[in-house]
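A short write-up of the structure that comes next.
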Amino acid sequence: MAEPAGMPTLEAAQGAKDQHMVVNMGPQHPATHGVLRLVLEIDGEIIVRIYPEIGYLHTGIEKTCEAKFYQQVVPLTDRINYLDPLSNNLCYALAVEKLLGLEIPSKAQWMRVLLAELSRLNSHLIWLGTHAMDIGALTVFLYTFREREEILRLFEAVAGQRMMTSYIRIGGLSMEPPLDFLDRVQAFIHTFPEKIDEYSNLLTGNPIFRNRLKGVGYLSAADAIALGVTGPPLRASGVDVDLRRDMPYSGYENFNFVVPVSTDCDCWARYEVRLVEMRESVKIIQQALDGMPEGAVKADAPKIVLPDREKMKTQMEALIHHFKIITEGFEVPAGEVYQGIEAGHGQTGYYVVSDGTAKPYRVHMRYPSFATLQALEVMGKGRMLADLVAVIGSIDIVLGEIDR
Amino acid sequence: MPEALRPTLAGRAAVLEGLPDHPAVKAILAWNAAGLEDARFDFNELTLTIASDQIRAAAASLQAAGYNFFEDMTAVDWFPASPRFQLSYHILSHSLMERIRLRVLVHGDDPSVESITSLWAGANFYEREVFDLFGIRFEGHPNLRRILMPDDWKGHPLRKDYPVEGYR
């Protein structure tokens, strides 16, 4: 592949003694959390420039969306950020529901909040395990994946699938959760805070882990805002913004939780912010379980929401609606909406443009990792090469959502 | 509490009359009233259409008015309509907790607009993405090259006239 002008080539630096060395990191490097390729210009061990090269996982999901019916886009959204699938489903469903003007029953809204928080825990557990593993603390990885397995079992119970859930649909949820589901969630979050203590015991006092993170990857609040950084890295830079609290959606205004903020601006601050966020997610899930309303999990919109299986087999209208939705989709009024939510990694946004037909004219996804990756150079510049591994871990990127 | 859905205001005159105190509308009028070509308030979202050669200045005036966070930018291809491309910028205000959409219409032959990377460095990757997938150039961008597709790729996949089947 021809390297463009402005970027140093691997050959250019060879043979010259006083020039900086150019090394290639990734796309198969285990510490790049996927297929991220970094071209690094280094002076000895010190990083001078970082050129992220992305696109290795680009599958053209935005183009694919234009050829699908609105309801067929939901499974595509799972595959973008595969660590936080229910937040993707939620964001897309909210955007299309805004265009349709659909009222969502309160039980569906509360279930959505509960599942989005479980999904956030799932995402944060993977971050913690892999981040600690990059630093050399392998044990934590085994611990966090133990709890993640339980969350995946909960997803499987509710959606029939562990990772690609597609459980949150346009107009509500795909089906009623199983009878013992809420009890299982209760059992899980009953023990989960102790598990967070366990991770914290392994890491917070660990001098190696502390020294590798403290003061590393400094990102000032001004830089974070200018570079579009969102989510835990933004809050770890002292900017107190959380869309769940500040622009509530899906009934988040009914929940009490604290938004952790730190002004240390380093990798350690991001670690602390995410640990507190996990504890707050547990509180939100507990509130959702305690106050779970009764009622339907689908909106009363037979031309948009698929009928229950039982009704489809016994009622003529339901069968007709089912047939029409599957074969022709449903028309969405022309217009454009943007829906932002606070997902595990930061602010996710879906921009949906409708031309009045049954297929979206344009779907654009704003994913937090794409913007956060731009801040890598600010955080890594002037530091040792080994610090870059800590920085990449601390911003918690998912290449699926960067490349889409 | 989330806001209740407010009525739609279609057209520049309706928005100027219905939302005279909106900080974004005030900032744009104070900057250059002629630069505001159209406006719409729909789904509680304010869309301001800016003249295509003035996007950077308009964004700068909004940034000064408290719309401090560049959130997202993308394009829509309205092929075969003219002007062909629409650029949509989503800008959030952390103090007001409110989002606005700036809309710019660009003609299809040799499309190009001013880059806003000098205002928000974070627009860098977004403009590269639009350049890559739509072929719209951004004047003044520090490193305008393909980002998702390979560097030697021919064509711009998100254009509506890009073939989606058959051999290349």
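FYI, it's all coordinate maths here, none of it is from the lab. Nothing here was measured: the structure is a model prediction, and the numbers come from that model. Every residue, glycine among them, receives a Cβ derived from its backbone with ideal geometry; neighbour counts consider all protein chains shown.
What's the exposure ranking of A:Cys65, A:Cys267, going from fewest to most Cβ atoms within 10 Å?
The most exposed by this proxy come first: A:Cys65, A:Cys267.
In percent, what relative contact order does region A:146-298 have, based on Cα pairs under 8 Å that are 6 or more apart in sequence?
24
Mark the label point 7 Å from the Cα of A:His29 along Cα→Cβ and return the residues of region A:373-404 whose backbone N is within less than 14 Å of it.
Backbone N within reach: A:376-377, A:380-394.
Filter the GluC sites (Glu not before Pro) in region B:57-143 to those in DSSP coil with at most 15 other Cβ atoms within 10 Å of their Cβ, and list the result.
Numbers: sites: B:Glu71, B:Glu98, B:Glu114, B:Glu127, B:Glu129, B:Glu139; in loops: none.
Passing sites in region B:57-143 do not exist.
How large is ³J(HN,Hα), in whole Hz, for each residue of region A:110-122 in order, when computed from phi with the Karplus curve 6.51 cos²θ - 1.76 cosθ + 1.60 and θ = phi - 60°, using x for Gly and Pro?
After applying 6.51 cos²θ - 1.76 cosθ + 1.60, I find 5, 5, 4, 4, 4, 6, 5, 6, 4, 5, 5, 4, 4 Hz.
Tell me, what is the percent relative contact order of region A:62-403, built from C-alpha pairs under 8 Å that lie six or more residues apart? Walk me through the numbers on the way to the answer.
Details: 616 pairs, mean separation 90.7, N = 342.
Reported relative contact order: 27 percent.
Quick check: from the Cα gyration tensor, does region A:35-153 come out rounded (a/c under 1.5), prolate or oblate?
Since a/c reaches 1.5 but b/c is at least a/b, the shape of region A:35-153 is classed as oblate.
State, to one decimal in nm, how far the label point of A:Asn256 lies from the label point of A:Thr327, with both points 7 Å from Cα in the Cβ direction.
5.4
So if we plug the beta-carbon distance of A:Ser106 and B:Thr8 into 1/(1 + (r/R0)^6) with R0 = 25 Å, what FRET efficiency do we get, rounded to 0.05?
Details: r = 26 Å, r/R0 = 1.05.
E(calc), rounded to 0.05, equals 0.45.
What percent antiparallel are the DSSP beta bridges of chain B, to the nearest 5?
Taking every DSSP beta bridge within chain B, about 75 percent pair in antiparallel fashion.
Can you run phi through the Karplus equation (6.51, -1.76, 1.60; θ = phi - 60°) for region A:287-296 and list ³J(HN,Hα) in whole Hz, with x for Gly and Pro?
Karplus-based 3J(HN,Hα) across region A:287-296 equals 5, 5, 5, 5, x, 4, x, 8, x, 7 Hz.
Can you tell me, using C-alpha contacts under 8 Å and at least 6 residues apart, the relative contact order of chain B as a whole percent?
16
Kindly state, to the nearest 0.05, the FRET efficiency for A:Arg49 paired with B:Ala60, given R0 = 22 Å and r defined as their beta-carbon distance.
My answer for the efficiency is 0.20.
Which value, in debye to the nearest 20, gives the size of the charge dipole of chain B about its Cα centre, when Lys and Arg are +1 and Asp and Glu are -1 at the Cβ?
40
Quick one: what are the phi-derived ³J(HN,Hα) couplings along region B:87-92, Karplus 6.51/-1.76/1.60 with θ = phi - 60°, whole Hz, x for glycine and proline?
The phi angles translate into 9, 10, 9, 10, 10, 10 Hz.
For the pair A:Glu317 and A:Glu294, how long in nm is the line joining their label points, each one 7 Å along Cα→Cβ?
Going by the 7 Å Cα→Cβ label model, 2.4 nm.
Among the listed pairs A:Lys98/A:Lys298; A:Lys98/A:Lys283; A:Lys303/A:Lys324; A:Lys313/A:Lys359; A:Lys98/A:Lys359; A:Lys324/A:Lys359, which are separated by more than 18 Å between their Cα atoms?
A:Lys98/A:Lys283; A:Lys313/A:Lys359
Of all beta bridges DSSP finds with both residues in the protein assembly as shown, what is the antiparallel percent, to the nearest 5?
Roughly 85 percent of the beta bridges in the protein assembly as shown run antiparallel, per DSSP.
Please check: in the Gaussian network model of chain A (C-alpha springs, under 10 Å), which one of A:Gly295, A:Gly34, A:Gly346 has the largest mean-square fluctuation.
Greatest mean-square fluctuation among the candidates belongs to A:Gly295.
Using the Cα centre of chain A as origin and beta-carbon charges of +1 (Lys, Arg) and -1 (Asp, Glu), tell me which of A:Ala318, A:Val305, A:Gly329 is placed farthest towards the positive end of the dipole.
The one lying farthest along the dipole's positive direction is A:Ala318.
From the Cα gyration tensor of region A:192-282, with a ≥ b ≥ c the square roots of its eigenvalues, which class applies: rounded if a/c is under 1.5, or else prolate if a/b is larger than b/c, or else oblate?
Numbers: a/c = 3.41, a/b = 1.17, b/c = 2.92.
Oblate, because a/c is 1.5 or more while a/b does not exceed b/c.
Assuming 0.36 nm per residue, please report the length gained on full extension of the stretch A:Glu149 to A:Gln161 beyond their Cα-Cα distance.
Numbers: separation 12, 0.36 × 12 = 4.32 nm, distance 1.26 nm.
Here the answer is 3.1 nm.
So for the pair A:Met175, A:Gln72, with labels modelled 7 Å out along Cα→Cβ, what separation do we get in nm?
2.3
Estimate the FRET efficiency between A:Glu310 and A:Thr139 by the formula 1/(1 + (r/R0)^6), using the beta-carbon distance for r and 56 Å for R0, to the nearest 0.05.
On the way: r = 49 Å, r/R0 = 0.87.
Computed FRET efficiency for A:Glu310 and A:Thr139 comes out at 0.70.
Under a 10 Å cutoff between Cα atoms, tell me which one of A:Thr348, A:Thr139, A:Thr130 has the largest fluctuation in the Gaussian network model of chain A.
A:Thr139
Name the residue farthest towards the positive end of the dipole of region B:9-117 from the options B:Phe79, B:Leu19, B:His107, assuming +1 on Cβ of Lys and Arg, -1 on Cβ of Asp and Glu, about the Cα centre.
The listed residue farthest towards the positive side: B:Leu19.
Considering amide H positions built from the backbone, and no H for Pro or chain starts, which residues 5 or more places from B:Glu98, or on another chain, come under 5 Å of its amide H?
B:Ser93
Relative to the Cα centre, what is the charge dipole magnitude of region B:38-130, using +1 at the beta carbon of each Lys and Arg, -1 at the beta carbon of each Asp and Glu, and rounding to the nearest 20 debye?
For this selection, approximately 160 debye.
If I build a Gaussian network model for chain A, linking alpha-carbon pairs within less than 10 angstrom, which residue out of A:Gln315, A:Gln286, A:Gln339 has the largest mean-square fluctuation?
Among A:Gln315, A:Gln286, A:Gln339, the largest mean-square fluctuation in the Gaussian network model of chain A belongs to A:Gln315.
Would you work out which of A:Pro105, A:Ala137, A:Ile80 lies farthest towards the positive end of the dipole of region A:40-159, given +1 charges on the beta-carbon of Lys and Arg and -1 on that of Asp and Glu, about the Cα centre?
A:Pro105
When A:Ser166, B:Ser118 are ordered from fewest to most other Cβ atoms inside 10 Å of their Cβ, what list results?
The fewest-first ordering by Cβ neighbours comes to B:Ser118, A:Ser166.
Using Cβ contacts closer than 10 Å as the measure, can you line up A:Lys359, A:Lys313 from fewest to most?
Taking fewest neighbouring Cβ atoms as first place, the list is A:Lys313, A:Lys359.
Using the Cα centre as the reference, give the magnitude of the dipole from point charges on the C-beta atoms of region A:294-404 (Lys, Arg: +1; Asp, Glu: -1; all else neutral), rounded to the nearest 20 debye.
200
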